[in-house]
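Trainee: Below is one structure. I have some questions about it.
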Amino acid sequence: MTARLSLTTLPAALQPVVEPSKIGIVHLGLGAFHRAHQAVFTEEAAILTGETGWGISGISQRSAAVREQLAPQDGLYSVLTRGLGDPSIRVIGSIREVLTAPEDPEAVVARIADPAVSVVTLTVTEKGYRAAVQGGLDLTDPEIQADLAGRAPRTVVGQLAAGLVRRAQTGAGPLTVLSCDNLVANGPFLRRLMEDYAAALPDGKSLIDELEVARFPASMVDRIVPATTDADREEAAGLLGVRDEAVVVAEPFLQWVIEDDFAGPRPGWEKAGAILTGDVAPWEQAKLRMLNATHSMLAYLGALRGYETIAEAVRDEQLAGLANELMTADVIPTLTPPEGLDLTAYGQSVLERFANPALKHRTAQVAMDGSVKLPVRLLGTIRDRLAANAEPRLAGLAVAAWMVYVAGGVDANGNPLKLDDPQANKLQATLADAGITPGLRSRGGGTSLARPAGAPGGAGGIALGATPAAVVDALLGVESIFGADLRENSVFRELLVEQVGSLTE
């Protein structure tokens, strides 16, 4: 059997430059994206600046799977980069420790409170913040309530709060908390959640005091990182000569825009290509509303047509045209571009990146967590277009596709579509109350958008078991997603009814 990647099996020329014993960063949410993004920037910064004391303590928020992948490999893993040419591979060694929060929450708090740590970064996905629909912390969330009651914290807000309180007690110094998730103004947003948590504590004064000196800069991150497959692991082993159970796959494109607002020392990320700026908002809005929104549109429309990957969906000329029109007709009119960014050219680059056939980014993976993705990716554009007395046809189509995905439950070929969403129970209950049963398939022909143009009539399609109006009224009534304003907007409702009808038969 091929030897496994480790410090002893890795050639000297490829050994990590980050000092194994020095932890300067804690990262919450040790998934593939962090390993293909912030950890790569940190490694490259160490190489270019010679500052090798910025080892990362990675915290897995759920299972021990990542620790079991990385611990036998001394924290090493590879990034397999797939572009239009031959793939390349690089071993990353900036993650020097892996902790699993459910198994040892005290160790997580202790590491955040470590005076040697000056930066905490996060990639916990939108749902990991446990926010309420109005934007603050969801104080009714049972996990938040358990942390507030004094258990060893299991939520990211609880972990940060406990770590900050301990830093105040020990004089560890102020902390920079850097969110890297796809959220509008993610830094200020996280600060507000922390303030809500502090206000709900029986004695939150020390946390409130520590929040006064902590910094919460905003940031924008961008890189496509599909789920790793067994075939990827086999290819990595062939390129490395050793077996890597933790390999991650990524596109060549890599971007990080960070608000230059830190409480203390940090790695020289700008030397590795990160953009330090006084205003992240224009970059963030362009990425969320163009790249992320288009990704979601292609995921839902592509999944309904039976496409397994985003690249397959983009190769469908009709879907590619709709994705381009979403950006040009609905999104660009709502944006103020950052200096030096041509939005039209950026939109074209987005579609080119999505079309990369070497990246097997599954539509099902992108379609996950729609209830928390739609508000930050699409609904802001919709609200802005409605406020401008414009009909958001393409952004509305993306939302309609999500509704058919949720309410239909199958693709045009009758294959089941899994609803992987933190509000799945609520959505299913809402549909059931309206008498709608997902999982139906029509027998007839028709040329709906849910089926590839030109498909034979016998291919079938999506049947909702209810009228488009019933589906729209049921799902639009989920206030935790759409709020009261969109639920009551007759223009938006009528648009959705028309488009749900066009997606079905």
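The values are calculated or read from the model by the stated rules, or taken from the named source; none is laboratory data. Quantities reported herein were computed from a predicted structural model and do not represent experimental measurements. No Cβ is skipped: glycine too gets one built from the backbone with ideal geometry, and neighbour counts run over all protein chains shown.
Trainee: Would you check if there is a residue in segment 110-126 being of a type in the set (A, V, I, L, M, F, W, C), buried (at least 23 other Cβ atoms within 10 Å of the Cβ) and closer than 17 Å to Ala152 by Cβ?
Mentor: Yes; the residues of segment 110-126 include at least one that is of a type in the set (A, V, I, L, M, F, W, C), buried (at least 23 other Cβ atoms within 10 Å of the Cβ) and closer than 17 Å to Ala152 by Cβ.
Trainee: Looking at segment 48-57, can you tell me whether even one residue there is in a helix (DSSP H, G or I) and closer than 30 Å to Val350 by Cα?
Mentor: yes
Trainee: With the structure loaded, tell me whether Ser179 is in contact with a Cys (Cβ under 8 Å, 6 or more places away or on another chain), of a type in the set (Gly, Ala, Ser), in the same structural domain as Pro265 (by TED's automatic domain parsing) and under 30 Å from Lys287 (Cβ atoms) or whether it fails that test.
Mentor: no
Trainee: Something else about it: How many of the residues in segment 131-159 are at pLDDT below 95 and crowded, with 21+ Cβ neighbours inside 10 Å?
Mentor: Residues that pass the stated criteria total 1.
Trainee: Given the criterion within 27 Å of Asn415 (Cβ to Cβ), free of Cβ contacts under 8 Å to residues at least 12 places away in the same chain and assigned by TED's automatic domain parsing to the domain that holds Ser371, identify the matching residue among Gly302, Gly306, Gly321. Even if it seems obvious, please write down each step before you answer.
Mentor: On the way: Gly302 fails: free of Cβ contacts under 8 Å to residues at least 12 places away in the same chain; Gly306 fails: free of Cβ contacts under 8 Å to residues at least 12 places away in the same chain.
Checking each option against the conditions leaves just Gly321.
Trainee: So, in segment 1-45, how many residues would count as being part of a helix (DSSP H, G or I), within 21 Å of Leu122 (Cβ to Cβ) and hydrophobic (A, V, I, L, M, F, W, C)?
Mentor: Residues meeting the conditions: 7.
Trainee: Are there any pairs, at least 6 apart or on different chains, whose C-beta atoms fall under 7 Å, with the first in segment 221-242 and in the same structural domain as Leu291 (by TED's automatic domain parsing) and the second among the aromatic types (Phe, Trp, Tyr) and surrounded by 19 or more Cβ atoms within 10 Å (Cβ to Cβ), and if so, which?
Mentor: Here the result reads none, with nothing in segment 221-242 linked to a residue that is among the aromatic types (Phe, Trp, Tyr) and surrounded by 19 or more Cβ atoms within 10 Å (Cβ to Cβ).
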